[in-house]
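Colleague: Structure in structure tokens, see below.
The values are calculated or read from the model by the stated rules, or taken from the named source; none is laboratory data. Everything numeric here is computed off the predicted structure, so don't read it as measured data. Neighbour counts run over all protein chains shown; Cβ positions are idealised from the backbone, glycine included. Surface accessibility is based on the protein's heavy atoms, side chains included, excluding ligands, DNA and RNA. Shrake-Rupley method; radii C 1.70, N 1.55, O 1.52, S 1.80 Å.
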Amino acid sequence: MNIPRPEYPRPDFARTEWLNLNGTWEHETDHGKSGRARGLSKPDRALSGTITVPFCRESVLSGIGDVDFCECVWYRRAVTLPEGWLESGRRTHLHIGACDYHTQVWVNGISVGTHIGGYVEFSFDITHALSEVGENVITICATDELRTDNQPGGKQCRDYHSRGCSYTRTTGIWQTVWLENTPDAYLTGAKYYPSVSDSKLSIELTAANADGLVARAEAFYEGRAVGAAAAVIEGKSCRIEMKLDELHLWEVGAGRLYDLRLTLGEDGDCVESYFGMRSVACEDGIMLLNGKKIFQRLVLDQGFYPDGIYTARDESELIADIERSLACGFNGARLHQKIFEPRFLYHCDRLGYIVWGEHGNWGLDISRPEAWQGFLPEWLEALGRDFNHPAIIGWCPLNETQLNQNPEFVKALAALTRATDPTRLYIDTSGWRHVDGVSDIIDIHYYEQDPEKFAAYLAPTAEGQDIEMKHNGPGYRACPTFVSEYGGIRWAPAEDKGWGYGEAPKSGEEFLDRFTRLTKAILDNPRMGGLCYTQLTDVEQEVNGLYTYHRELKFDAAILRAALTAPAAVEEA
């Protein structure tokens, strides 16, 4: 049987005892949300259709391809566990990489847990519900009420037809489902704090049923042992301080990752991981990586795929999108209105590709407590899941959010994020009105298509002067150092449909001239520390990508690369 997306989903927290559950599942659409009353959670109740997991029902790859609204879906699969998994002193955990939005899981008819959120992995210890004989039946129900505006949906369209910059929806499971088997005492999480100045890695470990056990960490670089340390678990956690014999910096274009092995007790739980040694700071709105000014040459990446919607057909597509960006001269991306999967982040780590993490907050009315009550817990889960990725240099949970909806929420979200992760940069609400003193970097979205007007508008910032920030209401002025959205030039002459920003160029030469001059206006400004071009690929009706939706390059990459890699004024200062 060919299993779609067969790779281990979490390369930064990997175990050998695991079972991939992707593939064919029974499936049923529950338009009336009556499945519980009809007994669909019972283990002997078959569902009416099938679906290919981990692809959402709206995608072609799922085998369904139904893009109409659906607020409830069911999944069912019988699983035979590997030999030894049910032995005394072993535990089995069910992991779901992402399921949009409110999920409940049953094993053999026993409810084992619920989760709220559509973007982040969650897991349940299902040991107590397993049968020691024969197959075990897993049933999953996902409720997705996108149009209530109480849940973050990113660029998923609230209308039947995709329109503007809102696209096909994702309902239910859209990342890998898998089982893991561990000892009774097992590791539950790890946070890595690299210290470049003294070649040290601090590790905060958490564990279950492990009080008094010794936790060990061993670091390797290109196969060589370069560090080891241990500490005793006290309650549920410990801190390990490990000195490294060799220091290899994680830099833009050079991942230089260390391998890391974490073990618990003698012959106990073992997790394979990795880390990067780098520091991130900010000076006058300019990012410093390992103490050096780095100009952010970013591209907007929305993570949509024509056949899988939110989910890439295979891992090679994750890698290819990074390589496509690099080929054009970008050194990173804004991962836009979607929390990307860990394997994509792993390849960013490996390739030295810097990224900003963002939540899919569009459509979320933050003035309503019932909306942010779901948003906050999942954002904290995202911060925890992705804390160890060196490629993530900053967090920006909100995009283009009007502060008059709830400025106190924006402040609280910033404080909560910084308390959870003090190691990265922070932007409160990208491209819009900023709360005074909250953001490390003031950014702006500006889609003027005339290069001369574009440069003239930004010119006062070169002298440190405030400018009137577009789209922010009257009277709001600031001095941005990061144009985090610009360009968006429409180009689809063969189809003559779709949209982009402003008037489309009349020729390919005009497109490249506009692209080069808009980019030069940012690079030449001595106060600017970054740019983000909209966007890497077309997405459905939005045809302002440098690649088509099917990943065909529209222009000579060498010309794009020459424009983007020209020296930035801030790099030469």
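Colleague: Taking the Cα centre of the chain as origin and charging only Cβ (+1 Lys, Arg; -1 Asp, Glu), how large is the dipole, in debye to the nearest 20?
Modeller: Working: 56 positive and 84 negative charges, 66 e Å.
My answer is approximately 320 debye.
Colleague: For segment 386-458 and segment 39-63, what is the separation of their C-alpha centers, rounded to whole Å?
Modeller: Segment 386-458 and segment 39-63 have Cα centres separated by 39 Å.
Colleague: Same structure again: Sketch the reach of a paramagnetic label on Ile3 as a point 7 Å from Cα along Cα-to-Cβ, and name the residues of segment 53-82 whose backbone nitrogen lies under 11 Å away.
Modeller: What the label zone holds, given the 11 Å backbone N cut-off, is 82.
Colleague: Rounded to the nearest angstrom and ordered from largest down, what semi-axes does the equivalent ellipsoid of segment 115-241 get from its C-alpha gyration tensor (root of 5λ)?
Modeller: Working: eigenvalues 297, 123, 37 Å².
Working from the Cα gyration tensor, I get semi-axes of 39, 25, 14 Å.
Colleague: Let me ask another. Not counting the cut sites, what is the longest span of the chain without trypsin sites (Lys or Arg not before Pro) that DSSP labels loop and that have at most 10 other Cβ atoms within 10 Å?
Modeller: Maximal segment without exposed cleavage sites: 1-496.
Colleague: Further question: Over 26 Å between Cα atoms: which of Lys191/Lys243; Lys200/Lys292; Lys411/Lys453; Lys200/Lys236; Lys338/Lys411; Lys33/Lys155 fall into that group? Please report the intermediate quantities before stating the final value.
Modeller: Details: Lys191/Lys243 16 Å; Lys200/Lys292 20 Å; Lys411/Lys453 34 Å; Lys200/Lys236 23 Å; Lys338/Lys411 21 Å; Lys33/Lys155 24 Å.
Where the Cα-Cα span goes over 26 Å, the pairs concerned are Lys411/Lys453.
Colleague: Could you work out how far the C-alpha centroid of segment 263-300 sits from that of segment 179-209, in angstrom?
Modeller: For segment 263-300 versus segment 179-209, the Cα centre distance is 15 Å.
Colleague: Say R0 is 35 Å: what FRET efficiency, to the nearest 0.05, do Glu272 and Ala320 get from their beta-carbon distance?
Modeller: 0.90
Colleague: To continue, here is another question. Here are labelled values, (1) 62; (2) 50; (3) 59, and one is the computed percent of Cα pairs over 31 Å apart for what I pasted. Which one?
Modeller: Only one listed value fits the structure, namely (2).
Colleague: Give me the three principal axis extents of segment 252-343 from the C-alpha atoms, as integers in angstrom, largest value leading.
Modeller: 49, 42, 23
Colleague: Kindly provide log₁₀ I(q)/I(0) values, in the same order as q = 0.10, 0.12, 0.15, 0.17 Å⁻¹, from the Debye equation applied to equal alpha-carbon scatterers of segment 449-573.
Modeller: -0.34, -0.48, -0.73, -0.90
Colleague: Shifting gears a bit: Please work out how much length the chain gains when fully extended from Ala14 to Glu234, using 0.36 nm per residue of separation minus the C-alpha to C-alpha distance, in nm with one decimal.
Modeller: Details: separation 220, 0.36 × 220 = 79.20 nm, distance 2.35 nm.
Residue separation times 0.36 nm, minus the Cα-Cα distance, leaves 76.9 nm.
Colleague: Using DSSP to define loop residues, name the GluC sites (Glu not before Pro) in segment 475-514 whose beta-carbon has at most 12 other beta-carbon atoms within 10 Å. Present the calculation step by step, with values, prior to reporting the outcome.
Modeller: Working: sites: Glu485, Glu495, Glu503, Glu509, Glu510; in loops: Glu495, Glu503.
Those that pass, being in a loop and sparsely packed, are Glu495, Glu503.
Colleague: Could you work out how far helix 407-420 tilts from the main Cα principal axis of the chain, as a 0 to 90 degree angle to the nearest 10?
Modeller: 60 degrees
Colleague: Tell me which residues come under 5 Å, amide H to amide H, from Val112 once H is placed; ignore anything under 5 positions away on its chain.
Modeller: Val105, Trp106, Val107
Colleague: Right, another one. Which whole-number percent gives the relative contact order of the chain, counting Cα pairs below 8 Å spaced six or more residues apart?
Modeller: Values: 1401 pairs, mean separation 69.2, N = 573.
Computed over the chain, the figure is 12 percent.
Colleague: Could you work out how much longer the chain between Thr50 and Val133 gets when fully extended? Use 0.36 nm per residue separation minus the Cα distance between them, nm to one decimal. Mind dumping the intermediate values first?
Modeller: Working: separation 83, 0.36 × 83 = 29.88 nm, distance 2.55 nm.
That pair, Thr50 and Val133, stretches by 27.3 nm at full extension.
Colleague: Defining a contact as two alpha carbons under 8 Å apart and six or more residues distant in sequence, what relative contact order in percent does segment 68-141 show?
Modeller: Details: 126 pairs, mean separation 31.2, N = 74.
The normalised contact order for segment 68-141 reaches 42 percent.
Colleague: Here's something else I'd like to know. With +1 on each Lys and Arg Cβ and -1 on each Asp and Glu Cβ, and nothing else charged, work out how big the dipole of segment 35-93 is about its Cα centre, in Debye to the nearest 20. All intermediate terms of the calculation are to be shown ahead of the outcome.
Modeller: Working: 9 positive and 7 negative charges, 63 e Å.
I would put it at about 300 debye.
Colleague: Provide Asp267, Asp421, Asp307, Asp198 ordered by accessible surface of protein heavy atoms (probe 1.4 Å), highest first. Walk me through the numbers before you get to the answer.
Modeller: Working: Asp267 155, Asp421 5, Asp307 35, Asp198 55 Å².
Sorted descending by solvent-accessible area, the residues read Asp267, Asp198, Asp307, Asp421.
Colleague: A further question follows. Run the helix sum for the chain: -39,500 (n - 2.57) per DSSP H stretch of 4+ residues, divided by residue count, reported at 222 nm to the nearest 500 deg cm²/dmol. Can you show the working numbers first?
Modeller: On the way: 8 runs with 91 residues, N = 573.
Only helices count here, giving -5000 deg cm²/dmol.
Colleague: Distance from the Cα centre of segment 336-368 to that of segment 104-156, in angstrom?
Modeller: Result: 22 Å between the Cα centres.
Colleague: Using all alpha carbons of segment 4-116, what is the percent of pairwise distances in each 5 Å bin, ordered from the shortest bin to the longest?
Modeller: Values per bin, smallest distances first: 2, 9, 18, 23, 22, 14, 8, 4, 1, 0.
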